[in-house]
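The values are calculated or read from the model by the stated rules, or taken from the named source; none is laboratory data. This one's a predicted model, so the numbers in the text were calculated from it and none came from an experiment. Counting neighbours? That spans all protein chains shown, and the Cβs are built from the backbone with ideal geometry, glycine included.
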Amino acid sequence: MFSIDKQVDMIRRGAAEIISEEELAAKVERSIKDHRPLRIKLGMDPTAPDIHLGISVVLRKLRQFQDLGHEVYIIIGDFTAMIGDPSGVSKTRRQLSSEEVKLNARTYQEQYSKILDPEKTHVVFNSEWLGRMTFEDVILLAAKATLARVIERDDFAKRLSQGKPVGVHEVLYPLCQAYDSVKLEADVELGGTDQKFNILMGRDLQREYGQEPQVALLMPLLVGTDGTEKMSKSLGNYIGVDEPPEEIYGKTMSIPDQLIYPYFELATDVPSSELKEIKRMLADPSVNPMDLKRRLARRLVSMYYGVTAADTAERKFDAVFREREVPEDIPEYQTDKGSIWIVRLLTSSGLATSSSEARRLIQQGGVSIDGVRVSDPEIHINIKGGEVLKVGKRRFLRLKSSA
């Protein structure tokens, strides 16, 4: 194993808060002395089927723990997902069916293997213990916490002050997640800063059960490609780790300059010495930030698809944006010859998820056919076949007539 100072230094990289660093150092020291790896926990509620760079921040930290010789446990919250994590939401979440949870959980497992060593990753479903609890067990668990403690969390307090409902099942959520730490006897729990309350509840509950409290390791919430909101699939400002290489490359090139360093620090595996160089270059007015974005885009694609894919993605990006060419291998979409409403064309082809999104794209000037911008969302397009439909900067379809 690495030395105490080396391990703590690696773990500290990029962390927003460690509660507490002294406890972490003590646990690492005991781990080295007793030759017993620490148990590192990450709870994941499979409420969305895709992992993006924002989620990869904590997954990459987990991989660092694996590289340091510790045991990583991913708790798939198949039971708690049916409640829905109330963290950071302004209303009660929709409860998922067991079928939705199972499907999302399988997708998660496939995708996090791109970051973690699957042979060193223990995967546990919290329905194994939560699903077997009797009502008496639930009451005894609830007796371990006070209502005042639970509702002091910001999102509950805000909703109550605004007269919005807070479900009793939501109040139980942090207790359920905390009980996962008790069952696992976790030494460290990871999460984003929005998970602070839930993870601290785990510390409290472990004390109630006579266990040494886990260390809370909180990672920053990665800002999305829009440069303002946290990365989220629902906001459309995400870069998915399972997206095609060209999408990862192109989306990375679109981020604001102020996100270059955080993305390098939190979403890549570049060494600390390279991070210092990147920070110096960003402060140098003679350095073009676009060059650093290209370096970042290549790094991200290489991490998930390899160097060859990164080369290809870069060439395609240059062909479209530097030479303003239409890619040669764009997908085709078959539609009936004749007139079709542009909004229906965008939604039926999958370039927009809804009519409202299609209208917004058109109004923002993001839709063109054969290089001519479409500005009227009520227009009908006469399809002859062979036209190139473009949405945004990177999505193309060649229209193919079925007649």
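Of note:
- Candidate set from region 53-96 (those that are among the basic types (Lys, Arg) and under 21 Å from Phe197 (Cβ atoms)); member that is modelled with the lowest pLDDT: Lys91
- Region 211-311 holds helices (runs of 4 or more DSSP H) entirely within its bounds, and those carrying 2 or more residues that are of a type in the set (Gly, Ala, Ser) and either touching a residue at least 40 places away in the same chain (Cβ under 8 Å) or closer than 21 Å to Arg394 by Cα (or both) map to 289-305.
- Condition broken by Glu185, with the remaining ones in (1) modelled with pLDDT under 95; (2) out of contact with any helix residue (DSSP H, G or I) (no Cβ under 7 Å at 6 or more places or on another chain); (3) of a type outside the set (Lys, Arg) satisfied: (1)
- Flag not set for Asp311, criterion: assigned by TED's automatic domain parsing to the domain that holds Glu265, modelled with pLDDT under 85, out of contact with any strand residue (DSSP E or B) (no Cβ under 6 Å at 6 or more places or on another chain) and under 12 Å from Tyr249 (Cα atoms).
- Of the criteria (1) charged (D, E, K, R); (2) surrounded by fewer than 16 Cβ atoms within 10 Å (Cβ to Cβ); (3) closer than 28 Å to Tyr261 by Cβ, which one Asp329 fails: (3)
- Leading residue by the ranking (modelled with the highest pLDDT) among those in region 383-403 that are surrounded by 11 or more Cβ atoms within 10 Å (Cβ to Cβ) and either more than 19 Å from Pro331 (Cβ to Cβ) or among the small types (Gly, Ala, Ser) (or both): Gly392
- Residue check, Val270 among the aliphatic types (A, V, I, L, M) and either crowded, with 21+ Cβ neighbours inside 10 Å or in contact with a strand residue (DSSP E or B) (Cβ under 7 Å, 6 or more places away or on another chain) (or both): no
- Restricting attention to region 169-194, the residues that are surrounded by fewer than 20 Cβ atoms within 10 Å (Cβ to Cβ) and of a type in the set (S, T, N, Q) add up to 1.
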